[in-house]
Every structure is written in structure tokens, then in C-alpha cells.
Amino acid sequence: MSWQRFTDEYAAPGTVRLGSWSVVPTRGDLVECRATIAVADRIMSCGATAAGPLGAMTSILGDLGVPIQIDRLHQRELDGTFATFLLCANDWRRAWSYGEGATGDEAGIAALIDGANRLLG
């Protein structure tokens with residue numbers, strides 16, 4: 001499979017789109033995440049506190065009616081870019097997703113949004 005075909009399949013845009021997000025450490029080992037997310041034509045500002053950015057974004061998506069679970073996570077760094085592969089689930093459906101970013105967190109969030117689109121789109 002060519003790289004273009006791979007990204008077309010596993011990182012295609014969908015109805016769930018991330019506008020912006022931020023992460024701030026909070027009490028204990030938790031982080032507070034804030035995000036602006038569009039689901040179809042609705043744009044919402046949301047937030048959640050969790051053990052990490054992926055947990056917080058999973059919670060945010062669930063609150064928006066886009067429930068998703070991460071069954072497996074693989075992450076690699078290559079030439080300063082991170083790539084994250086997630087096996088995501090929603091009820092009985094499962095799909096692999098892909099995301100990339102300058103940090104592991106950015107790549108994980110991109111892969112989670114892709115997983116939501118692949119499962120629910």
C-alpha cells in the first residue's frame with residue numbers, strides 16, 4: 001500500500017473535527033484538557049480532567065455523544081514526527097486509526113479523532 005493510499009484510508013477527514021486543544025497539569029497526576037470540536041455542523045467547547053490527554057479526549061468525545069474506546073495503542077517516532085496507531089472500538093465495531101504530530105500527545109489525539117470518524121462516520 002502506498003503512503004498516500006494509507007493516509008487516505010486511515011487519516012481521512014470526517015464529521016468529527018478538532019479545532020484546538022490545550023492541556024494543563026492539575027492536582028495529582030491529572031491533566032485538564034480543553035478542546036474546540038465540531039461534530040457535523042455543531043461547534044462546541046469542552047473540557048475534561050483525566051490521567052492523560054487521551055483519557056481526557058475520550059471523555060470529551062463520550063460527552064458529545066461520540067463514545068469510543070481504545071483497545072490497543074502503538075506509537076513510533078521517526079525523524080522528529082510521532083505516529084500513533086490505535087485500535088478503537090464502539091460497541092461491537094472495531095477499526096484501526098492513525099494520527100501524526102510533533103509530540104506523542106498530538107499524534108494520539110489525531111489518531112483518536114480519526115478513530116471516531118472511522119467508527120461513527
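The values are calculated or read from the model by the stated rules, or taken from the named source; none is laboratory data. Predicted model, so just to flag it, every value in this text is computed and none were measured. Neighbour counts run over all protein chains shown; Cβ positions are idealised from the backbone, glycine included. Side chains included, ligands, DNA and RNA excluded: accessible areas come from the protein's heavy atoms. Shrake-Rupley method; radii C 1.70, N 1.55, O 1.52, S 1.80 Å.
Here are a few things to note about the model shown:
- Residues of segment 91-110 classified as farther than 15 Å from Pro67 by Cα, among the hydrophobic types (A, V, I, L, M, F, W, C) and in contact with a helix residue (DSSP H, G or I) (Cβ under 9 Å, 6 or more places away or on another chain), total: 1
- One residue stands out in segment 43-64 among those that are outside any strand (DSSP E or B) and open to solvent by 60 Å² or more (accessible area, probe 1.4 Å): the one that is farthest from Glu9 (Cα to Cα), namely Ala51.
- Residue list for segment 4-27, restricted to those being open to solvent by 60 Å² or more (accessible area, probe 1.4 Å), more than 15 Å from Leu119 (Cα to Cα) and at pLDDT below 90: Gln4, Arg5, Asp8
- Here segment 75-121 is the region considered, the condition is being part of a strand (DSSP E or B) and of a type in the set (Val, Ile, Thr), and the residue that is least open to solvent (accessible area, probe 1.4 Å) is Thr84.
- Total residues in segment 43-85 satisfying the condition of being of a type in the set (Val, Ile, Thr), touching a helix residue (DSSP H, G or I) at 6+ places or on another chain (Cβ under 7 Å) and without any contact (Cβ under 8 Å) to a residue 40 or more places away in the chain: the figure is 2.
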